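**Q** The following block contains the structure, expressed as C-alpha cells.
Quick note: the coordinates plus some simple rules give every number you see, no bench work behind them. Please read these numbers as outputs of a predicted model, since none were measured by experiment. As a convention, Cβ positions derive from the backbone with ideal geometry for all residues, glycine included, and neighbour counts pool all protein chains shown.
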Amino acid sequence: MCHLPKLSERAQALLRQQAAPEWQDWQWQLAHALTADDFGVTDCAAFPMRVTPYYASLADLTNPEDPILRQFLAAPEEGIDDGFSADPFGETAHAAVAPGIKQRYADRMLAMMNVTCSTYCRHCTRRGLLDTARRAQLETLVEAIQARPTVREVLLSGGDPLILPDDEVVRWVEAIAALPQIDAVRLCTRTPVVLPMRWTEALVKRLATFEKVWVQTQFNHPKELTPAVEAAVARMVNHGLLVSNQSVLLRGINDDPEVMASLCAGLQRRRIRPYYIFVCDPIAGISHFRTPLADAKRLRDYLLTHLGGLACPRVVADLPEANHKTDI
C-alpha cells in the first residue's frame, strides 16, 4: 500500500498550474517532473521516482489506494525480497544482439532507443535494468535487421523513445521504415497516458508519412482516459497512425473485471485497439502487484462474455521459458 504523499511546496505550486498555457507544453512537463522529494518519499533508491505533473494531477492524493497514485508512488513492498529476478527474460544475456538491441522472437527485434522515461511506473518490467542499460545505436540496429531477413517488425522501446526530440524520433522511424523487409515500426511508449501533449500535430503528421507506424501504449485504468488523451489519440488516428494498447493486470488497480471491461470499452470508443492484458511479470520488487492465475482466468471469462470481439483483448502471460505469449 502507498503511504499518503506529503507534497512539497514546489509540487503544490506545479499542480496548481493546470489552467496555465505551459501545462500543455510537453517539454515543460518533462522539465518540471516530480520526484521522490516532492512526495516526501525517502527510500526508493532501488528504482527512482519520476512523474509528470499532468499524470500526478489525475491521482486522488488523499487515497492510498488510488489507481493512479499506486502506479507512480514508491511503496514499502518494493523493498521486500520476493525471490524474483531483475531479468527473468534474459534481456542482458541470450536475447541481446548488441548493446540496447534484443531479439526473443524470429520476426521481431526490440531496440532501447532511450533509457529514461517521463514517468517511472512502479510495475516496470525493466526497473532493474534501466540504470545499467545502454542505448541502441541506429546504425547498428539497421545492420542487425538487414542481417536477419526474418525480422519484419521493429519495436522502438526503452525507457520511452517519445521523450526524445521530434527530429530524433523521426530519424529512427524513417531509417527503419525504409527497409523493404519491415512491415511495422512499433513505437512502444506510455506518453499517450502520462504525457498526451507530447503528440503534437507536427509530430503526428511527420510520423504518419511513413505508413508503417504503430503506437503501442499502456492504459491500465479508466481514470487515464481524459479529454487530453482523447484529443491526442484523435490526432494520431485521424492522420493514419494505428494505436493499440497492452494493459498490465495489477492487483488492486485493474483486477476488478468491471473496471477492466470499462477500460476496454473506453479504449475502443476512442479508436484504440485493446490488444493484450498481461499478467504482471515475475520481476523483483513488484510481486505486490501480481494477481493469482485464477483471478486472471475469471477476468478473461468476464471480458469474453461482456465485450464484443473488437473490444476484448487477449489475456496472456509472458513466461521466461516460452518463445511466445501464453494465453491464460
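**Q** If I compute mean projected area of the Cα convex hull in nm² from the structure I just sent, which labelled value in [x] 15.7; [y] 17.1; [z] 24.9 lines up?
**A** So the calculated entry is the one marked [x].
**Q** Is there a quick way to get the dipole size of the chain? I mean about its Cα centre, with the Cβ of Lys and Arg at +1 and of Asp and Glu at -1; what is the value in debye to the nearest 20? All intermediate terms of the calculation are to be shown ahead of the outcome.
**A** On the way: 35 positive and 39 negative charges, 156 e Å.
With only Lys, Arg, Asp and Glu charged at Cβ, the dipole is about 760 debye.
**Q** Could I ask something else about it? Based on DSSP loop calls and a cut-off of at most 13 other Cβ atoms within 10 Å, the longest stretch of the chain free of exposed GluC sites (Glu not before Pro) is what?
**A** On the way: sites that count: GLU65, GLU211, GLU321.
Counting only loop sites that pass the neighbour cut-off, the longest clear stretch is 66-210.
**Q** Expressed in nm to one decimal, what extension gain is obtained for the pair THR226 and ARG152 from 0.36 nm per residue of sequence separation less their Cα-Cα distance?
**A** Working: separation 74, 0.36 × 74 = 26.64 nm, distance 3.39 nm.
Roughly 23.2 nm would be gained on extension.
**Q** Relative contact order, percent, of the stretch 96-327 when contacts are C-alpha pairs under 8 Å separated by at least 6 residues?
**A** Numbers: 418 pairs, mean separation 34.4, N = 232.
Result for the stretch 96-327 is 15 percent.
**Q** Which shape class applies to the stretch 9-79: rounded if a/c is under 1.5, otherwise prolate when a/b exceeds b/c and oblate if not, where a ≥ b ≥ c are the square roots of the Cα gyration tensor eigenvalues?
**A** Numbers: a/c = 2.16, a/b = 1.65, b/c = 1.31.
It comes out prolate by the Cα gyration axes.
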